[in-house]
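Structure first, commentary second.
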Amino acid sequence: MKIIDIAIVGAGPAGLSAAIYAKQAGYNVEVYKASDPSLIATTDRVSNYLGLGDVSGAELYKSLTNHVKLLEIPIISNRVDEIHKTSAGFELLSLKGIVQAKAVVYAAGSKPKKLGIPGEDCETVSYCATCDGGFYEGDPRLLVVGGGDSAAEEALYLAELVGEVKLLVRSELRAKHELAERVSQKENIEVIAGVSTTTVEFDGGAELILNTVRDGVKEPYRASGMFVAIGQIPTTGPVEGLVVFDDAGFVEEVLVEGLFIAGDLNSKNARQAIIAAGDGANAGIKASDYVRELA
Ligand code: NDP
């Protein structure tokens with residue numbers, strides 16, 4: 001079985017940046033990605049990535065992957081389900097078989113969190129406006145549930161497509177100043193705070209009903225679709241047993257040599273593309289140093 005020097009799990013800004021540094025250090029590198037697109041690829045606008053001005057998440061992602069391909073680093077569709085430490089390094093188990101590597105950079109990012117309410121698993125509830133918003137173009141109204149940067153971005157994106165967006169916030173809008181200002185200036189976004197969601201009703205017709213409670217009063221909202229943006233769940237299954245998690249499930253400490261965690265999964269990181277890229281660069285350098293010392 002072939003042994004690669006550095007296996008990189010995750011093809012977002014963290015994984016791709018790690019790949020570039022490891023490859024430029026002279027190592028044999030492969031990047032594995034799952035079928036879900038990187039979170040950055042589904043982000044509407046990115047206006048704080050140094051040097052790029054204002055670009056779409058898809059444009060940024062394309063330029064990151066193009067850079068990696070220029071260096072002839074393979075990006076392989078192969079979801080890694082388990083990672084085991086062995087005497088020779090690591091074994092990565094996936095549907096396509098087993099890969100052996102001397103070092104691993106794990107940068108698998110996160111998945112959207114669900115509300116966990118009855119009816120949520122219907123086809124008109126989505127977790128990505130840039131992926132699914134187009135289906136509703138021209139419709140009268142959509143709902144967005146959430147109160148952070150993601151929810152504000154989703155609402156702004158959808159407000160360009162439909163008549164009205166209601167942004168239903170559980171406590172208060174916590175989006176950063178720039179996004180909150182844009183939301184407040186957008187005439188067709190209504191922010192409603194203090195809303196607890198209870199159930200989704202959808203019978204296959206033109207509208208769903210989202211049942212909510214506010215100040216003890218039941219309030220049903222009708223809309224053609226609903227987008228949930230309430231945070232992310234870190235994708236950490238494969239590194240269980242190899243790391244220590246914080247209370248929210250992000251990685252606080254790595255317990256084995258040769259494994260490097262990069263990007264949004266790191267407990268203390270602000271979840272920003274440029275921070276993930278810098279963090280990935282650091283992981284790529286450390287993984288290269290580690291493999292060099294093994295020789
Ligand atoms: P956050 O964790 O920042 O916010 C989650 C929001 O969802 C909170 O308002 C929270 O409400 C609400 N929420 C959580 N659970 C529920 C629930 N069950 N029902 C209703 N509401 C709920 O997540 P984001 O995805 O917004 O952001 C994640 C990270 O990504 C942040 O670091 C953010 O800065 C970053 N990001 C940056 C962007 C940018 O810079 N352009 C764009 C998007 C994300 P409550 O306040 O009541 O807990």
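The values are calculated or read from the model by the stated rules, or taken from the named source; none is laboratory data. Note that the structure is predicted; figures quoted are calculated from it, not measured. All Cβ positions, even for glycine, are placed from backbone atoms using ideal geometry, and neighbour counts span all protein chains on display.
Tabulated results
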{"read-out": "The listed residue being within 14 Å of the ligand (Cβ to nearest atom), small (Gly, Ala, Ser) and in a loop (DSSP other than H, G, I, E, B), out of 180, 151, 175", "value": "175"}
{"read-out": "Strands (runs of 3 or more DSSP E) enclosed by region 225-295 - at least 1 residues per element that are surrounded by fewer than 20 Cβ atoms within 10 Å (Cβ to Cβ)", "value": "232-234, 243-245, 251-254"}
{"read-out": "Index of the failed condition, residue 123 passing every other in (1) acidic (Asp, Glu); (2) part of a loop (DSSP other than H, G, I, E, B); (3) within 26 Å of residue 281 (Cβ to Cβ)", "value": "(3)"}
{"read-out": "Cβ-Cβ under 6 Å pairs, at least 6 apart or on other chains, region 168-196 side without any contact (Cβ under 8 Å) to a residue 60 or more places away in the chain, far side assigned to a loop (DSSP other than H, G, I, E, B) and away from the ligand (no atom under 11 Å from the Cβ)", "value": "none"}
{"read-out": "Unique residue being farther than 29 Å from residue 179 by Cβ and among the β-branched types (Val, Ile, Thr) when the list is 46, 55, 31", "value": "31"}
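Conditions tested, residue by residue: (1) touching an Asp or Glu at 6+ places or on another chain (Cβ under 6 Å); (2) acidic (Asp, Glu); (3) without any contact (Cβ under 8 Å) to a residue 24 or more places away in the chain; (4) over 23 Å from residue 249 (Cβ atoms).
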site	(1), (2), (3), (4)
103	no, no, no, yes
124	no, no, no, yes
145	no, no, no, no
158	no, no, no, yes
204	no, no, yes, yes
208	no, no, no, yes
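Results for (1) more than 13 Å from the ligand (Cβ to nearest atom); (2) at pLDDT below 95; (3) part of a helix (DSSP H, G or I), shown as yes or no for each residue.
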| residue | (1), (2), (3) |
| --- | --- |
| 37 | yes, yes, no |
| 48 | no, yes, no |
| 51 | yes, no, no |
| 58 | yes, yes, yes |
| 63 | yes, no, yes |
| 66 | yes, no, yes |
| 72 | yes, no, no |
| 81 | yes, no, no |
| 84 | yes, no, no |
